[in-house]
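Laboratory data are not the source of any read-out in this text; all were calculated from the coordinates shown. Computed from a predicted model, the values in this text were never measured in an experiment. Every residue, glycine as well, gets a Cβ built from its backbone with ideal geometry; the counts of neighbours run over all protein chains shown.
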Amino acid sequence: MPVWLREHSWRQTLTAVYLSLPLRGARATPSSIFCSEQYLKVNIPPFLFEAVLYAPIDDTNSTAKIGNGNIFFTLYKKEPAIWDSLTLANTDKEKLQYLRENAVLKAQEKAKEETEARKITKQEHKKYALEATMKLEEAERKRIEDLKEKERQKVVKELELWKNQQKHGDKYKSIQKKGELYQEIEPLKERKNEKMNKTRIPNEGTSKTRLRSTKGCMIELALTLFIGSCSIFSQNLKEEQLPAPRAAATIKVNFTPRVFPTALRESRVAEEEEWLHKQAEARRIINSDLSELEDLKEEEKNPDWLKDKGNKMFAMGDYLGAVNAYNLAVRLNNSLPLLYLNRAACHLKLQNLHKAIEDSSKALELLTPPVPDNEKARVKAHVRRGTAFCQLELYTEGLQDYEAALKIDPRNKSIEKDAEKIRHLIQGTMQIS
């Protein structure tokens, strides 16, 4: 049972309240302090301090410093005024419970708003990063296109130069061929003239006529040889030209579609089909029931990952964050008893006693049938539900849970001592009544 801290000192100004709370040797952490507009709580096991403040404060700017065995609070008032006392007088249990639950709900709403704000900021940052990346890619694409255009122009110039060189080379070859042909014809003409001079007839007219006809025949012969050589040269050029490249084609290869990396002959089709069916069913449930999970990563949609995340938050003292993680894991898979069991522990830390009882009872329902493997979990569920009952001053129900835990684990001395304390409390209550 918690020990209430009654000793404290405080002073005030028109705008602030200064509160000093001794720790009595206990070690406090920032997670031990919970503060809202009109509710202040310090939970340092086994000590507990609660205060319903006289007037609302600015919980955002208020501070708490831990040092020298004390916690020093600086609470800034929302409205400048002098308080008659630190806490409200005549605060009954129902009003205290209402203020406590209202403070927790406001804290949860505030945490949700901060999460939404961080989510919006994250999306804006992603959008800005995407735009910057697109601009960089566009600049890179333009640079590559400019380089391609320069290379294309360079290749076109080189091709034109090569064509001109080829054209001049063909002209040079034709002139060279003509020169060789002329050199072959000239000796033939000289030899023909010599023969004609030797066999000249006395009649000059006749000789001149024959000479002219001979010259005409020689010219026609030369022209015939020149045309023949040109046709042979052009034919050789045609033979030297390269053939056209072969046409390209595409060969399509179709493979059997496979989800698993192993070959079909090495796989177990029945087990694979069962696994795929389960995965598809899980994705269908997530997509149909939880549309708000679209922005989460795949690992964040895993209940086991969320349970580990909640355990880490609980160890760090972030009980509200742990409750949120367990809530989402329960929505993804409501058949894991450890999720309810761990969430019950968070509710105990936050003094949400009725919710702690509900989660412990749900965990006990899921931990059936009772077997040796779930003994520890059943013991924890009974102890946490019994603790919640005792804090609600329902000692009889709490004793029943502790006795049930002792039946499961009779060697647990800690549970036995707590059960004995509850028996003494019940006896004392009966004597007073």
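For LYS297, list the aspartates and glutamates whose Cα falls under 19 Å from its own Cα; do not include residues on the same chain fewer than 8 positions away.
Counting by Cα, and skipping residues close in sequence, LYS297 has these aspartates and glutamates nearby: GLU116, GLU124, GLU281, ASP289, ASP308.
Listed here are the pairs LYS112/LYS312; LYS126/LYS278; LYS307/LYS421; which of them are more than 24 Å apart at the Cα? Let's see the in-between values first.
Details: LYS112/LYS312 19 Å; LYS126/LYS278 33 Å; LYS307/LYS421 33 Å.
As for pairs spanning more than 24 Å Cα to Cα, those are LYS126/LYS278; LYS307/LYS421.
Mind ranking 416-428, 142-154 by how tightly packed they are, going by the mean number of other C-beta atoms within 10 angstrom, highest first? Present the calculation step by step, with values, prior to reporting the outcome.
Details: 416-428: 14.8, 142-154: 10.0.
So the peptides 416-428, 142-154, ranked by packing, come out 416-428, 142-154.
How much FRET efficiency would the formula 1/(1 + (r/R0)^6) give for ALA117 and GLU160, where r is the Cβ-Cβ distance and R0 is 41 Å, rounded to 0.05? Mind showing how you got there, number by number?
Working: r = 65 Å, r/R0 = 1.58.
The pair ALA117/GLU160 has a calculated efficiency of 0.05.
Residue separation times 0.36 nm, minus the C-alpha to C-alpha distance between LYS95 and LYS417: what's the value? It would help to have the intermediate numbers written out before the result.
Working: separation 322, 0.36 × 322 = 115.92 nm, distance 3.26 nm.
Here the segment from LYS95 to LYS417 would lengthen by 112.7 nm.
Over the residues of the stretch 360-433, compute the C-alpha Rg and express it relative to 2.2 N^0.38 Å. Provide the component values of the computation, followed by the final result.
Numbers: Rg = 12.9 Å, N = 74, 2.2 N^0.38 = 11.3 Å.
So the Cα radius of gyration is 1.14 times the expected 2.2 N^0.38 Å.
With the alpha-carbon atoms as the only input, what is the per residue convex hull volume for the stretch 323-375 in Å³? Walk me through the numbers before you get to the answer.
Numbers: hull volume 3.8 nm³, N = 53.
With only Cα atoms used, the stretch 323-375 gives 71 Å³ per residue.
Given Cβ point charges of +1 (Lys, Arg) and -1 (Asp, Glu) and nothing else, what value in debye, to the nearest 20, does the dipole of the stretch 332-376 about its Cα centre take?
220 debye
Based only on Cα atoms, what mean projected area does the convex hull of the stretch 4-48 have, in nm²? Before the final figure, lay out the partial values.
On the way: hull surface 14.7 nm².
Seen from a random direction, the Cα hull of the stretch 4-48 projects 3.7 nm² on average.
Hey, how many Å between the Cα centroid of the stretch 357-433 and the Cα centroid of the stretch 1-43?
Rounded to whole Å, the Cα centres lie 30 Å apart.
Skipping prolines and chain starts, which residues have an amide H placed within reach, meaning under 5 Å, of the one on GLU37, given they are 5 or more residues away or on another chain?
none
What FRET efficiency do you get for ARG268 and ALA315 if R0 is 30 Å and r is their Cβ-Cβ distance, rounded to the nearest 0.05? Before the final figure, lay out each step's value.
Details: r = 41 Å, r/R0 = 1.36.
It comes to 0.15.
Taking amide H positions as placed in the peptide plane 1.01 Å from N, state which residues far from GLN12 in sequence (5 or more) or on other chains have amide H under 5 Å from it.
Long-range HN contacts for GLN12: TYR18.
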